[in-house]
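Take this structure, written in structure tokens, and hold onto it; I'll ask about it next.
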Amino acid sequence: MTGGAQIAEMARPRIEAMAEGLSTARWTLTEVAFWLVPVACFFLLSDYLVLGSQILITALFALSLDLVLGYAGVVSLGHAAFFGLGAYTAGLLGRHGWGEPLSGLLLAAAVAALAGWLTSFLVVRGRDLTRLMVTLGIGLLFFEAANKAAFVTGGVDGLSGVTMWKLFGVFRFDLGGKTAYAYSLVVLFVAFVFARRLVASPFGLSLRAVRENATRMPALGASVRSRLVIAYTIGAALAGIAGALLAQTTQFVGLDSLGFQRSAELVVMLVLGGAGRLYGAVIGTALFMIAQDWLSGLNPVYWQFWIGLLLVVIVLFARGGILGVADQAMAAWRRKAEP
Amino acid sequence: MSAVALRAAGLNKTWGGFVANRDVSLELAVGERHALIGPNGAGKTTFINLLTGVLTPTAGDVYVGEENVTRLAQHERVARGMTRTYQITSLFPSLTVLESVVLAILEREGLATNWWKSVAQHSGAAREAKDLLERLHLGAEAGKPTKSLAYGKQRLVEIALALATKPKILLLDEPAAGIPAAQSAEVFEVIAGLPRDVTILFIEHDMQIVFRFAERVSVLVAGAMLMQGTPDEVANDARVKQVYLGEAPHD
Amino acid sequence: MIANFIGVLFDGIAYGSLLFLISIGLSVTLGLMNFVNLAHGAFAMLGGYVCVMLMTRWGVPFLATLPIAFIATATVGAVLERTLYRRLYKASHLDQVLFSIGLTFMAIAAATYAWGPSQQPVRLPDLLRGQVEVFGLQLGTYRLFLVAVVVAITFALAWLMEKTRFGAQVRSAVDDADVANGVGINVNLIFSLMFALGTGLAGLGGALGIDVLGLDPTFPLKYMVYFLLVVAVGGAGTIRGPLVAALVLGIFDVAGKYYVPQVGAFIIYTLMVLLLIAFPAGLYGRRA
Ligand SMILES: Nc1ncnc2c1ncn2[C@@H]1O[C@H](COP(=O)(O)OP(=O)(O)OP(=O)(O)O)[C@@H](O)[C@H]1O
Ligand SMILES: [Mg+2]
């Protein structure tokens with residue numbers, strides 16, 4: 001057998017499988033192009049890097065919710081609990097003398113993951129509505145806890161005086177936000193690569209199956225509960241990392257990082273982009289936050305009106321969000337082009 | 001006496017005052033093909049739910065082989081080699097047919113918690129899934145979302161999912177419900193063609209099919225076991241005739 | 001000490017009655033249409049603003065504003081049910097949640113635009129102010145009035161559900177809407193009427209509650225958890241369940257805020273999570 005034939009032989013099962021639409025983890029050109037955009041922004045839009053890193057951080061947060069809600073189908077209205085927990089963990093470390101960013105990030109992930117794991121047992125019980133309320137309740141509990149523990153968290157005044165060391169001992173967190181942006185982008189990308197692997201894997205497939213029909217899964221020999229516990233814990237850990245990034249790059253943690261408003265807006269960003277497709281989380285977040293920035297001259301209350309309207313419109317007319325609508329448009333266009 | 005694959009010992013299920021299963025006992029020998037019949041609402045599906053662990057019995061026990069599995073969860077019983085299909089089709093609507101079956105295979109192999117390799121890289125599972133789908137005449141549908149299939153095809157996917165777990169004990173709740181007679185015979189040919197050591201309990205209303213494929217038959221009426229026997233014994237039993245035809249029993 | 005305790009208990013009961021009055025409509029949408037309506041509090045808020053507007057702009061007496069608040073919100077509810085809610089009865093709970101959060105956000109923004117962000121004052125008629133002595137206890141007149149109104153409405157509702165033909169039709173629609181449809185009950189009409197009734201009662205509750213719950217644009221979010229909890233714990237589609245749940249919740253909340261103010265809202269959220277874990281099926285009430 002020649003080398004070429006051998007390679008072709010090796011590649012065969014994969015190509016066959018692809019033809020049948022099984023998930024592969026191969027990168028497409030569109031994806032590469034997609035990721036070049038934030039890189040280009042770093043060089044071209046240096047005046048907007050502060051907003052840029054906010055978007056990247058929130059995109060990571062939305063990504064974490066996408067695993068829980070978009071893939072595993074657990075509707076959570078309290079996901080900010082883990083974001084805030086990560087933020088306070090990293091913030092408190094920085095405030096009390098440990099300003100090393102990467103270890104702060106990891107510790108925040110660990111704390112959020114632990115909280116996620118512990119609460120997951122409460123969340124996976126019951127059905128949709130119970131879950132929704134339990135996540136909501138847990139979110140509110142965390143908020144109240146941070147509010148009451150003002151001697152640790154600073155309460156409504158927020159946690160300030162967070163001091164960060166240089167990243168890798170080299171890059172200082174500058175006022176222009178260059179380091180913050182690059183740092184956030186790399187962390188987001190690494191998390192995205194991880195999430196991408198995860199959803200293309202058998203584990204990811206099983207999460208989608210749980211979302212589609214949780215009662216059938218046990219008949220295939222799968223424990224729905226243990227799958228959801230893992231998914232929820234991973235989601236919490238990623239949210240914790242996002243929170244820690246925010247604390248480290250802004251050197252401040254506000255009580256609102258735990259609030260219901262943040263959880264709810266996150267859901268909005270995710271469904272705006274399209275839940276259950278990873279890129280939807282990033283695109284939805286970017287659009288939402290750019291629009292918010294643009295309209296920031298408006299009273300925030302009116303901004304809330306437009307979010308509300310947007311939600312209603314998405315639910316009634318644009319299921320699947322932007323990417324969902326784009327998919328349908330593509331499919332319609334192909335059907336038209338074919339005959 | 002041959003080895004026992006599955007045993008139900010005095011199963012009871014009540015909801016409030018309503019008794020859906022009353023002291024139902026049943027023993028299936030390894031490799032037996034057994035039909036469960038009875039009028040609508042007799043409690044047949046409830047019985048399967050008790051065997052598989054979807055429902056917890058109010059009293060009684062379930063044994064797989066020698067092992068008492070009454071306290072085991074449904075997925076743990078699947079790991080012991082027992083699975084079922086659903087009377088009301090219960091699939092994964094937006095997953096493709098192939099994805100669904102591949103998932104069932106990966107679950108069986110304990111590979112479904114793998115998170116670092118893509119599904120496509122598990123080419124062994126994909127190949128096995130395609131073979132299975134070919135056997136069930138679903139080859140052409142493999143890449144389609146399950147929800148886009150016609151009802152009859154979905155019933156076949158229902159069976160494919162169960163077969164993909166390579167069960168030792170297979171419980172089929174009206175596998176051919178709602179599909180045309182010609183196709184339902186086809187479904188049962190596939191079932192009959194399973195390896196001889198697979199134990200099968202199937203619920204079916206069509207008596208011709210029951211008599212053709214079953215070695216033994218149990219009749220469930222109003223939650224209780226009316227009788228068990230060979231197809232001939234059941235066909236000639238006065239009480240069964242009364243239940244099905246409303247005839248008075250001849251003394 | 002004892003009198004003090006009874007005073008707190010009574011406040012809790014009055015507060016719980018209000019919660020019940022507002023939440024019963026949520027129980028209806030959940031039990032009957034299987035719809036998670038997070039925007040329910042917005043209807044209560046609307047009732048409150050109708051009441052305030054009528055009193056301050058046109059000098060309508062407080063008691064007269066109450067039926068108007070009921071009718072106005074019921075009408076708005078009916079219109080929204082016909083035009084929007086109806087399309088989502090069969091949708092996933094996620095879609096329903098998103099949709100009703102969207103409505104809530106819009107309502108909050110609209111209320112801020114129309115009436116500003118501040119608390120609205122309500123001037124109760126002299127008749128209802130001050131205290132009265134009952135069995136040697138000083139009780140707030142208005143709270144006594146509240147409890148009386150809610151008791152009357154509860155009996156009226158119970159009569160409607162248990163004794164009338166309409167009530168029987170509603171109950172069979174709760175059990176199984178498809179079956180009810182099959183036997184010739186106009187389920188669509190029942191849905192509309194019940195939705196209107198539920199939102200109307202919420203509006204009435206909002207108007208009655210200004211003095212107790214306050215009224216500002218964040219009302220729908222602030223009390224959302226309470227309404228959801230009443231229904232979640234009490235069970236949807238019944239009257240008794242939410243009533244008991246609302247009273248328990250009201251008493252705990254008032255007592256908590258009175259005796260251990262430093263713990264604040266903690267009690268209620270912990271109670272919520274614990275109750276939900278203890279009764280995960282309470283949510284579906286009779287449907288479980
Ligand atoms: N979860 C439940 N709660 C209360 N009653 C139930 C429940 N499930 C089933 N039943 C009742 O138990 C009885 C038996 O139902 P089951 O589904 O086991 O009958 P079946 O023999 O499978 O009937 P069919 O031939 O129509 O499928 C029915 O009267 C049904 O209404
Ligand atoms: Mg049945």
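The values are calculated or read from the model by the stated rules, or taken from the named source; none is laboratory data. None of these values were measured; they are calculated from a predicted model. Neighbour counts are summed over all protein chains in view; Cβ atoms, including those assigned to glycine, are modelled from backbone coordinates with ideal geometry.
Which ones in segment B:187-232 are charged (D, E, K, R) and buried (at least 16 other Cβ atoms within 10 Å of the Cβ)?
We begin by selecting, within segment B:187-232, every residue charged (D, E, K, R); these are B:189, B:196-197, B:204, B:206, B:212, B:215-216, B:232.
B:E204, B:D206, B:R216, listed by residue number.
In segment B:91-105, is there at least one residue being more than 7 Å from chain A (Cβ to nearest Cβ), out of contact with any Gly (no Cβ under 7 Å at 6 or more places or on another chain), within 18 Å of B:A177 (Cα to Cα) and touching a residue at least 40 places away in the same chain (Cβ under 8 Å)? Can you show your working first?
Of all residues in segment B:91-105, those more than 7 Å from chain A (Cβ to nearest Cβ) come to B:97, B:100-101, B:105.
Narrowing further to those that are out of contact with any Gly (no Cβ under 7 Å at 6 or more places or on another chain): B:97, B:100-101, B:105.
Next, from what is left, pick out any that are within 18 Å of B:A177 (Cα to Cα): none.
No, because not a single residue in segment B:91-105 is more than 7 Å from chain A (Cβ to nearest Cβ), out of contact with any Gly (no Cβ under 7 Å at 6 or more places or on another chain), within 18 Å of B:A177 (Cα to Cα) and touching a residue at least 40 places away in the same chain (Cβ under 8 Å).
Turning to a different aspect of this structure: How many of the residues making up segment C:93-139 are more than 8 Å from chain A (Cβ to nearest Cβ) and outside any helix (DSSP H, G or I)?
So the answer is 20.
Out of all the residues in segment B:39-48, which are within 14 Å of chain A (Cβ to nearest Cβ) and more than 14 Å from B:R22 (Cα to Cα)?
At the first step, the residues of segment B:39-48 found to be within 14 Å of chain A (Cβ to nearest Cβ) are B:45, B:48.
Residues satisfying the conditions do not exist here.
Show me the strands (runs of 3 or more DSSP E) entirely contained within segment B:1-49 in which 3 or more residues are away from ligand 1 (no atom under 16 Å from the Cβ). Give the derivation first.
Numbers: elements: B:4-15, B:18-29, B:33-37.
The qualifying strands (runs of 3 or more DSSP E) are B:4-15, B:18-29.
Could I ask something else about it? Please go through segment C:8-47 and pick out each residue that is under 30 Å from C:R171 (Cα atoms), in a helix (DSSP H, G or I) and among the small types (G, A, S). It would help to see each step written out before you state the result.
Step one: of segment C:8-47, the residues under 30 Å from C:R171 (Cα atoms) are C:13-47.
Now drop any that are not in a helix (DSSP H, G or I), which leaves C:13-33, C:40-47.
Scanning segment C:8-47 gives C:A14, C:G16, C:S17, C:S23, C:G25, C:S27, C:G31, C:G41, C:A42, C:A44, C:G47.
Hey, among B:N12, B:N21, B:N40, which residue is within 16 Å of ligand 2 (Cβ to nearest atom), touching a Gly at 6+ places or on another chain (Cβ under 6 Å) and outside the structural domain of B:E158 (by TED's automatic domain parsing)?
None of the others qualify; the one that does is B:N21.
Go through (1) in a helix (DSSP H, G or I); (2) under 22 Å from A:S263 (Cβ atoms) one by one and return the number of the condition A:L106 breaks.
(2)
Find the helices (runs of 4 or more DSSP H) located wholly in segment A:268-338 whose residues include 2 or more that are closer than 19 Å to C:M106 by Cα, and list them. Can you show your working first?
Numbers: elements: A:279-294, A:300-317, A:321-337.
The qualifying helices (runs of 4 or more DSSP H) are A:279-294, A:300-317.
Regarding B:V187, is this residue in a helix (DSSP H, G or I), farther than 24 Å from B:R155 by Cα and among the aliphatic types (A, V, I, L, M)?
Details: in a helix (DSSP H, G or I): yes; farther than 24 Å from B:R155 by Cα: no; among the aliphatic types (A, V, I, L, M): yes.
When the stated conditions are applied, B:V187 does not pass them.
Which of the following residues is touching a residue at least 40 places away in the same chain (Cβ under 8 Å) and hydrophobic (A, V, I, L, M, F, W, C): A:L175, A:L122, A:L132? Quick ask: steps written out before the conclusion?
On the way: A:L175 fails: touching a residue at least 40 places away in the same chain (Cβ under 8 Å); A:L122 fails: touching a residue at least 40 places away in the same chain (Cβ under 8 Å).
Only one candidate qualifies: A:L132.
Still on this structure, please answer the following. Would you list the helices (runs of 4 or more DSSP H) that sit entirely within segment C:177-258 and hold 3 or more residues that are in contact with a helix residue (DSSP H, G or I) (Cβ under 8 Å, 6 or more places away or on another chain) and within 30 Å of C:A114 (Cβ to Cβ)? Talk me through it step by step, then tell me what you get.
On the way: elements: C:177-182, C:187-213, C:219-222, C:224-234.
In segment C:177-258, C:187-213, C:219-222, C:224-234 are the helices (runs of 4 or more DSSP H) which contain 3 or more residues that are in contact with a helix residue (DSSP H, G or I) (Cβ under 8 Å, 6 or more places away or on another chain) and within 30 Å of C:A114 (Cβ to Cβ).
Let me ask something else about it. Counting only residues that are more than 9 Å from every other protein chain (Cβ to nearest Cβ) and among the small types (G, A, S), which one in segment A:113-138 is nearest to C:V273 (Cα to Cα)?
It comes out as A:S120.
Which condition breaks for B:I169 when tested against (1) within 14 Å of chain A (Cβ to nearest Cβ); (2) within 16 Å of ligand 2 (Cβ to nearest atom); (3) under 24 Å from B:D23 (Cβ atoms)?
So B:I169 meets the others, but not (2).
Moving on. For segment B:50-95, which positions are basic (K, R) and more than 16 Å from ligand 1 (Cβ to nearest atom)? Don't jump to the end; show me each part of the working.
If we filter segment B:50-95 for residues that are basic (K, R), which is where we start, we get B:71, B:77, B:80, B:84.
Listed by number, the residues that qualify are B:R71, B:R77, B:R80.
Would segment B:46-53 turn up any residue that is in contact (Cβ under 8 Å) with a residue 60 or more places away in the chain, in contact with an Asp or Glu (Cβ under 8 Å, 6 or more places away or on another chain), within 20 Å of B:T85 (Cα to Cα) and of a type outside the set (A, V, I, L, M, F, W, C)?
Checking segment B:46-53: not a single residue is in contact (Cβ under 8 Å) with a residue 60 or more places away in the chain, in contact with an Asp or Glu (Cβ under 8 Å, 6 or more places away or on another chain), within 20 Å of B:T85 (Cα to Cα) and of a type outside the set (A, V, I, L, M, F, W, C).
If you don't mind, there's one more thing I want to ask. Looking at segment B:164-183 only, could you name the residues that are surrounded by fewer than 19 Cβ atoms within 10 Å (Cβ to Cβ) and in a helix (DSSP H, G or I)?
Residues satisfying the conditions are B:A181, B:A182, B:Q183.
Residues in segment B:56-78 that are surrounded by 19 or more Cβ atoms within 10 Å (Cβ to Cβ) and either within 14 Å of another protein chain (Cβ to nearest Cβ) or within 16 Å of ligand 2 (Cβ to nearest atom) (or both): how many?
So the count comes out to 6.
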